[in-house]
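Worksheet for the structure shown next.
The values are calculated or read from the model by the stated rules, or taken from the named source; none is laboratory data. Treat the numbers as computed from the prediction; the structure is a model and nothing was measured. Every residue, glycine as well, gets a Cβ built from its backbone with ideal geometry; the counts of neighbours run over all protein chains shown. Just the protein is used for accessible areas: all its heavy atoms, side chains included, with ligands, DNA and RNA removed. Shrake-Rupley method; radii C 1.70, N 1.55, O 1.52, S 1.80 Å.
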Amino acid sequence: DNEVDAILVRQGSIDRSVIAASPRLKVIAKHGSGVDNIDLAAATEVGVPVLRALAANAQSVAELAISLTVSLMKDVLSLDSQVKAGGWPKTKYVGRDLAGAVFGVVGFGEIGQRAAALARGLGMKVIAYDPFAADTSEVTVSRDLGEILRAADVVSLHCPLMPQTHHLINAERLSLMKQDAFLINTARGAVVDQAALVKALQTKSIAGAALDSFEEEPPPSDSVLWTLPNLIATPHVGGASRSALRNMAVQSATHIIGVLEGRGYDSQALANKNLASAA
């Protein structure tokens with residue numbers, strides 16, 4: 001019996017055939033914030049709201065972005081491997097300062113703003129790009145991505161994956177970055193042109209990168225990524241802290257119950273924004 005009233009999804013693909021399988025379907029809730037695994041157009045056509053667990057994992061993702069930033073800027077992995085291999089690079093090592101370094105946020109939503117606050121706490125100077133977000137008391141938001149890429153010592157990606165952001169960070173934009181700058185991606189893998197990033201890391205046109213998400217997940221075991229000493233990789237776990245998982249589960253379930261009991265939903269959480277006009 002496929003006649004379900006609601007779907008709660010984390011990683012599975014909710015395509016047109018899944019959405020059409022139950023005429024009783026009233027709501028799709030995402031256990032997370034990214035909805036690139038759900039066919040929004042198909043949901044809109046049958047009047048089904050797709051609701052995101054907004055901000056539930058924001059702190060967790062922001063914390064990972066900052067952890068990766070610190071790890072890269074303080075050469076943690078490189079020093080660790082040298083010491084474990086019998087080296088002692090104490091006398092020739094000169095590290096970077098986080099204080100005073102420029103932290104460039106691409107996508108100034110809830111996660112980007114939290115990452116910015118944490119970076120400021122470390123004494124970093126925050127700049128941000130977002131085509132829509134408003135300025136805050138601390139940050140004037142630029143509409144010019146190139147301006148942010150040229151100025152940042154660390155570029156941290158916090159934008160959703162949509163047609164406009166697919167390969168947003170490509171060869172041309174990587175070439176704008178400083179040679180001693182780092183790229184952090186805790187957003188979606190396809191926001192970055194992975195082949196272009198590999199080339200930039202191989203030629204050292206940027207200093208390093210940290211990726212929590214990839215164009216293909218998991219990446220193949222023989223991926224060229226694993227040959228790069230200036231890359232840190234984590235397995236798409238930005239939103240996987242205890243509090244984030246609990247918050248997402250509660251928020252997703254609450255969205256479903258609200259719709260099924262006829263109380264509606266928070267329009268901020270609605271992913272298929274043209275649903276209201278289609279209704």
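Quick look at the values:
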quantity: Per-region count, segment 2-57, residues farther than 16 Å from A271 by Cα, assigned to a loop (DSSP other than H, G, I, E, B), touching a helix residue (DSSP H, G or I) at 6+ places or on another chain (Cβ under 9 Å) and modelled with pLDDT of 95 or more; calculated: 2
quantity: Within segment 210-227, considering residues that are within 25 Å of K178 (Cβ to Cβ) and free of Cβ contacts under 8 Å to residues at least 60 places away in the same chain, the one surrounded by the fewest Cβ atoms within 10 Å (Cβ to Cβ); calculated: T227
quantity: Single unsatisfied condition, I256 versus (1) more than 20 Å from V154 (Cβ to Cβ); (2) touching a helix residue (DSSP H, G or I) at 6+ places or on another chain (Cβ under 8 Å); (3) crowded, with 16+ Cβ neighbours inside 10 Å; (4) not basic (K, R); calculated: (2)
quantity: Qualifying residues in segment 147-177 (those that are touching a residue at least 60 places away in the same chain (Cβ under 8 Å) and more than 18 Å from A200 (Cβ to Cβ)) - the one least open to solvent (accessible area, probe 1.4 Å); calculated: H158
quantity: Any chance K90 is free of Cβ contacts under 8 Å to residues at least 40 places away in the same chain, of a type in the set (K, R) and either within 24 Å of H236 (Cβ to Cβ) or open to solvent by 10 Å² or more (accessible area, probe 1.4 Å) (or both); calculated: yes
quantity: Failed item, numbered, when G86 is tested on (1) in contact with a strand residue (DSSP E or B) (Cβ under 9 Å, 6 or more places away or on another chain); (2) assigned to a loop (DSSP other than H, G, I, E, B); calculated: (1)
